Amino acid sequence: MEIISKFTVGSDQGIDHLFAVMRPYIRNTYSGKVSSEKIEEYLAENVEYRKMINILNDLSTQLIMVFADHEPVGYCLFKSGSLYPEATEGERMTEIIDFSILPEYDQPEIRQSLWNKSRSAITFTDRIWISITEDDPMLSFFNSVGFEFIKTTTLKAFSLPAKIYELKLK
């Protein structure tokens, strides 16, 4: 299997690739935790072209997609300058908004490829942070690359209990 992770821009093709992963990932991840009606409502409001193009046109936000045999299978969306509540002032911080891989492609090589490309793009920051639920399949991976628990919070998308984890770079 050929695995490639690369920057993606807010073009029609880039958004199509992102949505090909984002929509099924959200449905799969939150099924059983949130009603299907709430999931579809969230997708209709938040996973739509104009909104995503605006997000990606913000110079502080970047998208990296991972492809397996030329098919989009995961992505990392991150934003520089984003602080969590009570974060240390004066430090440069980057939030990983989403780090998602379709379950059928969730393999160590794919995770590592996406992480390596994302991490190499986030060299300009002091700390990387993510808000993630305790049962998220990516949590063990983030712990394995050095993220540490900071505080409890609530996930924005569905108001689910979550925790903030942080990786200190400098």
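Structure notes:
- In region 54-78, residue surrounded by the most Cβ atoms within 10 Å (Cβ to Cβ) [restricted to those that are assigned to a strand (DSSP E or B) and aliphatic (A, V, I, L, M)]: 66
- Scanning region 149-170 for residues that are farther than 14 Å from residue 96 by Cα and charged (D, E, K, R) yields a total of 2.
- One residue stands out in region 103-129 among those that are assigned to a loop (DSSP other than H, G, I, E, B) and within 15 Å of the chain's Cα centre (by Cα): the one that is nearest to residue 86 (Cα to Cα), namely 122.
- Restricting 146, 90 to residues that are modelled with pLDDT of 95 or more and more than 16 Å from residue 60 (Cα to Cα) narrows the list to 146.
- Residues satisfying the stated conditions in region 56-75, i.e. within 14 Å of the chain's Cα centre (by Cα) and either under 15 Å from residue 111 (Cα atoms) or in contact (Cβ under 8 Å) with a residue 40 or more places away in the chain (or both): 56, 62, 63, 64, 65, 66, 73, 74, 75
- Region 43-62: number of residues that are touching a strand residue (DSSP E or B) at 6+ places or on another chain (Cβ under 8 Å) and within 24 Å of residue 133 (Cα to Cα): 3
- Matching option when the condition is at pLDDT below 90 and in contact with a strand residue (DSSP E or B) (Cβ under 9 Å, 6 or more places away or on another chain), among 82, 118, 113, 100: 82
- For region 88-105, the set of residues classified as crowded, with 16+ Cβ neighbours inside 10 Å and of a type outside the set (Phe, Trp, Tyr) consists of 93, 94, 95, 96, 97, 98, 100, 101, 102, listed by residue number.
- Some residue of region 79-87 being assigned to a loop (DSSP other than H, G, I, E, B), of a type in the set (Phe, Trp, Tyr) and either surrounded by 12 or more Cβ atoms within 10 Å (Cβ to Cβ) or out of contact with any Gly (no Cβ under 7 Å at 6 or more places or on another chain) (or both): yes
- Among the residues of region 130-162, the ones that are assigned to a strand (DSSP E or B) and surrounded by fewer than 18 Cβ atoms within 10 Å (Cβ to Cβ) come to 8 in all.
The values are calculated or read from the model by the stated rules, or taken from the named source; none is laboratory data. Since we're looking at a predicted model, the values are computed, not measured. Don't worry about glycine lacking a Cβ; one is built from the backbone with ideal geometry, like all the others, and counts go over all protein chains shown.
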